[in-house]
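A short worksheet on the structure shown next.
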């Protein structure tokens, strides 16, 4: 059993949900991320830096966050890839910033809780992502009532399903199944969404059965491996899940590889290396 766990820890993984933050000392933050993940078999990291608390910040405050990620990509070109954070309500600024970052090598767009994924303000971003064949990672969850007031515009499963009905070819990722709240509810709401709607396993809530439930409801091809800062816990919940070895490989690597392929990209470290 120990050998199986050790093998699972060391098998290659793509962490498609993590962060390098805009702050003094971001270099150490990026180095720590890469070095910590290496002990868990993580071979590449899809990182963003975001403005939280629903703040509708101007582009002058958004751009430095993305520049931090571009710098982290340059510092670790064989490990770090970038999500471009934008605030959709600033229409042309958001489009221009997303284009700038994608042209500079980022592989997707990151949205937080300033708008729900199905809000008409987000439609131009959905259209751009569909055109460029890049995914959108949206902060999401179904918090309990006492926490909902602090995130009134947080997206959950029904919003992803509604967005996918209008944009079925858009690759939409519901962040962190373990982000807290009623994860069963939000997963169930995505049963009938487009097959291009995914969920990631990240989050500090480590309730038993999360991964199996997502696989049962959505199918193995729609569940992605991410950590969002909970590295060991996110690895552990996949290793502990009642899955086949092939299913674990889909979550840890193959599903993210498929998303990259849509834009003509490939893992930084393919499985056959």
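Some observations on this one:
- Top-ranked residue in the range 34-65 [being touching a residue at least 40 places away in the same chain (Cβ under 8 Å) and assigned to a helix (DSSP H, G or I); ranked as nearest to residue 112 (Cα to Cα)]: 65
- Condition check for residue 92 on (1) outside any helix (DSSP H, G or I); (2) more than 19 Å from the chain's Cα centre (by Cα): one failure, at (1).
- Every condition in (1) more than 24 Å from residue 199 (Cα to Cα); (2) touching a helix residue (DSSP H, G or I) at 6+ places or on another chain (Cβ under 7 Å); (3) surrounded by fewer than 24 Cβ atoms within 10 Å (Cβ to Cβ); (4) modelled with pLDDT of 95 or more holds for residue 91 except the one numbered (4).
A quick yes/no check of all residues on (1) in contact with a strand residue (DSSP E or B) (Cβ under 8 Å, 6 or more places away or on another chain); (2) at pLDDT below 95; (3) assigned to a helix (DSSP H, G or I):
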residue: 235; (1), (2), (3): yes, no, yes
residue: 247; (1), (2), (3): no, no, yes
residue: 250; (1), (2), (3): yes, no, yes
residue: 260; (1), (2), (3): no, no, yes
residue: 266; (1), (2), (3): no, no, no
residue: 273; (1), (2), (3): no, yes, no
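- Unmet requirement for residue 177, which otherwise passes all of (1) at pLDDT below 95; (2) more than 20 Å from residue 59 (Cα to Cα); (3) in a loop (DSSP other than H, G, I, E, B): (1)
- Any hit, the range 5-15, residues being within 30 Å of residue 118 (Cβ to Cβ), within 19 Å of the chain's Cα centre (by Cα) and at pLDDT 95 or above: yes
- Test: residue in the range 182-197 that is at negative phi and without any contact (Cβ under 8 Å) to a residue 12 or more places away in the chain: no
- The range 195-204: number of residues that are in contact with a strand residue (DSSP E or B) (Cβ under 8 Å, 6 or more places away or on another chain) and either surrounded by fewer than 22 Cβ atoms within 10 Å (Cβ to Cβ) or at pLDDT below 95 (or both): 1
- Here is the figure for the range 151-167: residues that are part of a loop (DSSP other than H, G, I, E, B) and in contact with a helix residue (DSSP H, G or I) (Cβ under 9 Å, 6 or more places away or on another chain) total 3.
- Just one of (1) out of contact with any strand residue (DSSP E or B) (no Cβ under 6 Å at 6 or more places or on another chain); (2) part of a loop (DSSP other than H, G, I, E, B) fails for residue 116. It is (1).
- Failed item, numbered, when residue 150 is tested on (1) modelled with pLDDT under 95; (2) closer than 26 Å to residue 241 by Cα; (3) surrounded by fewer than 16 Cβ atoms within 10 Å (Cβ to Cβ): (2)
The values are calculated or read from the model by the stated rules, or taken from the named source; none is laboratory data. What you see is a predicted model; the values in this text were computed from it and never measured. A quick note on method: Cβ atoms are made from the backbone with ideal geometry, for glycine too, and the neighbour counts reach across all protein chains shown.
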